[in-house]
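First the structure, in the form of structure tokens, and then the observations on it.
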Amino acid sequence: MTEQRKLRILIAKPGLDGHDRGAKVVARSLRDAGMEVIYTGLHQTPEMIVATAIQEDVDAVGLSIMSGAHNVLMPAVVEGLRQKGGGDIVVFGGGIIPDDDIPRLREQGVHQIFTPGTSTENIVKWIRENIKPR
Amino acid sequence: MISLDALRAREVRACARLMRWLDDGLPEARVLLKQLYPHAGKAWLVGITGNPGAGKSTLVDGLIQKFRTRGQTVAVVAVDPSSPFSRGAILGDRIRMQQHALDEGVFIRSFATRGHLGGLASTTADVVHALDAMGWDVILVETVGVGQDEVEIQNLAHTTLVVMAPGMGDEIQAIKAGILEIADVFVVNKADRDGADRTVRELQMMLELGSSVEEPEDGRGHESQARKDFAGPMRRLGPRGWRPRIVKTVGLTGEGLDGLVEAMLEHKKAYQEAMKDVDFKKALLRREFLEIFRRTLLQRGWSYLMHEDHIREIVEELFGGKTDPYTLAEQAVSALGRL
């Protein structure tokens, strides 16, 4: 109708693991919370995720990684966004990520990490509190 | 701020941001649309519609490839439905177009319908005009998976493809109204499946039957014309005498895509020929204006009622039983003129 700002979130699966159940559950919860979720499927390179985030003008990118390659892939997306003029796009992540890795990921610009057992309500709540439509 | 130069240079960031502004209905976007308008009119607008699961996204993916090979830049507008309950959406059309993610000659943008019916988002026309003015050569608009009545795409696209797959039950029956009438090219996709030839035959038969029914002259005066213009279904505006082509494809392997592109180009040529006709061109301008007028009116009306909060007084008056909603609606419309 007239002005209606909506949160747009890209949910992406970088790397080689094929476990997308978590990503799909999160995508659905965000949709049910009234957000617009762009989902791009499996096996994305950081470059593809960055290009998609910019083209879709999303407010945030959620990365789901089960392969153990989070220390490489997550910072690569943050850096890629910065280089392409999307440094203001919030990056968060989830998956099987050891607690010890989290502080360093945060230092490298990943805003939040959700480990197994996090409720989808918590993810929705965090997004609502920390991300605003730009 | 978005600069006109950045848009004209097809800078991705600026492009993407304008799409967002348009989608969210920001007033700044309208200012840019006015500046862009003189530059529009060069792109070829192609609509791709059809039942859910017919293979539209995969076909779009294949078409991007074909047009890129011909050296043309391609923008894709992919529309998916919003949930009527949460108003959220999952936009998944890109999944099938990932091979073009890094190609700078391709711009893909997903939109949610946000409650708009008709197979598109309410802002799709603006989005497409903007992409046109930015200089994208081909603009592919993929509608939501539609049933029978979601035919809005034909008012926007120069060339409309209706995609269907064989073996989806009595498929021709299901699409015989509405969507059957809007196709410039029928695509029987997944043609490696059983029943593809039957689907083609049924389509041919349907077309032969359809062509013998001439549309009656409209003698019902201008009120009915206004009704038609605003509420649709619109009369079909396209090259006179065009007989819809039927093409078989297998989206996944790319089989038949060359034939599809050929049929599309034939239609493009016929369309461009028709554009030389002053009356045709005026009919298009008329349709475009009416659509923009309708949306402007709605927007103004909404802002008068909601943002300026006149709706509150109106509800109070209704509650007091002093007057009827018809009178109040007329009064509200008269008040709009003073905005």
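Bear in mind these aren't lab numbers, they're just calculated from the coordinates by the rules spelled out. Keep in mind the model is a prediction, meaning the values are calculated, not measured. Cβ placement follows ideal geometry from the backbone for every residue including glycine, while neighbour counts extend to all protein chains displayed.
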**Sites residue B:207 and residue A:82 - FRET efficiency at Förster radius 51 Å, r taken between beta-carbons, to 0.05** = 0.40
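Tell me what chain B gives for mean residue ellipticity at 222 nm when only DSSP H runs of n ≥ 4 count, each as -39,500 (n - 2.57), the sum divided by the residue total, rounded to 500 deg cm²/dmol. Intermediate results must be reported in sequence, preceding the final value.
Details: 12 runs with 150 residues, N = 339.
Calculated mean residue ellipticity at 222 nm is -14000 deg cm²/dmol.
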**Derived scalar couplings ³J(HN,Hα) [region B:69-75; Karplus, 6.51 cos²θ - 1.76 cosθ + 1.60; whole Hz; x for Gly, Pro]** = 4, 7, x, 9, 7, 10, 10
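How well do other chains shield peptide A:57-68, expressed as the mean number of their Cβ atoms within 10 Å of each residue Cβ? Walk me through the numbers before you get to the answer.
On the way: counts 11, 3, 1, 0, 0, 0, 0, 0, 0, 0, 0, 0.
Across A:57-68, the average partner-chain Cβ count within 10 Å equals 1.
Residue B:327: net charge of surrounding residues, Cβ under 14 Å, Lys/Arg +1, Asp/Glu -1, itself excluded?
Charge balance near residue B:327 sits at -3.
Please arrange B:326, B:271, B:37 by how many other C-beta atoms lie within 10 Å of their C-beta, fewest to most.
Details: B:326 8, B:271 19, B:37 13.
Starting with the residue having the fewest Cβ neighbours, the order is B:326, B:37, B:271.
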**Fill in**
Cα-only Rg/Rh for region B:278-339 with Kirkwood Rh rounds to 1.19
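Antiparallel as a % of all DSSP beta bridges within chain B, to the nearest 5?
Beta bridges within chain B, antiparallel portion: roughly 5 percent.
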**Request:** Check the straight Cα-Cα distances from residue B:66 and name the lysines below 21 Å, setting aside those fewer than 8 residues away within the same chain.
**Result:** B:42, B:56, B:190, B:248, B:268, B:269
**Request:** Run through all the Cα pairs of region A:46-128 and give the fraction in each 5 Å bin from 0, expressed as whole percent.
**Result:** 3, 15, 29, 24, 20, 9, 1
**Prompt:** Could you work out Rg/(2.2 N^0.38 Å) for the protein assembly as shown, with Rg from alpha carbons only?
**Reply:** 1.04
**Complete:** Ranked on Cβ counts within 10 Å of their own Cβ, fewest leading, A:131, A:49 go A:131, A:49
**Message:** Going by average Cβ density within 10 Å per residue, which order do the peptides B:276-282, B:125-131 take, highest to lowest?
**Reply:** B:125-131, B:276-282
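Over the Cα atoms of chain B, Rg to Rh with Kirkwood Rh, two decimal places?
On the way: Rg = 21.4 Å, Rh = 21.6 Å.
Reported Rg/Rh (Cα atoms, Kirkwood Rh): 0.99.
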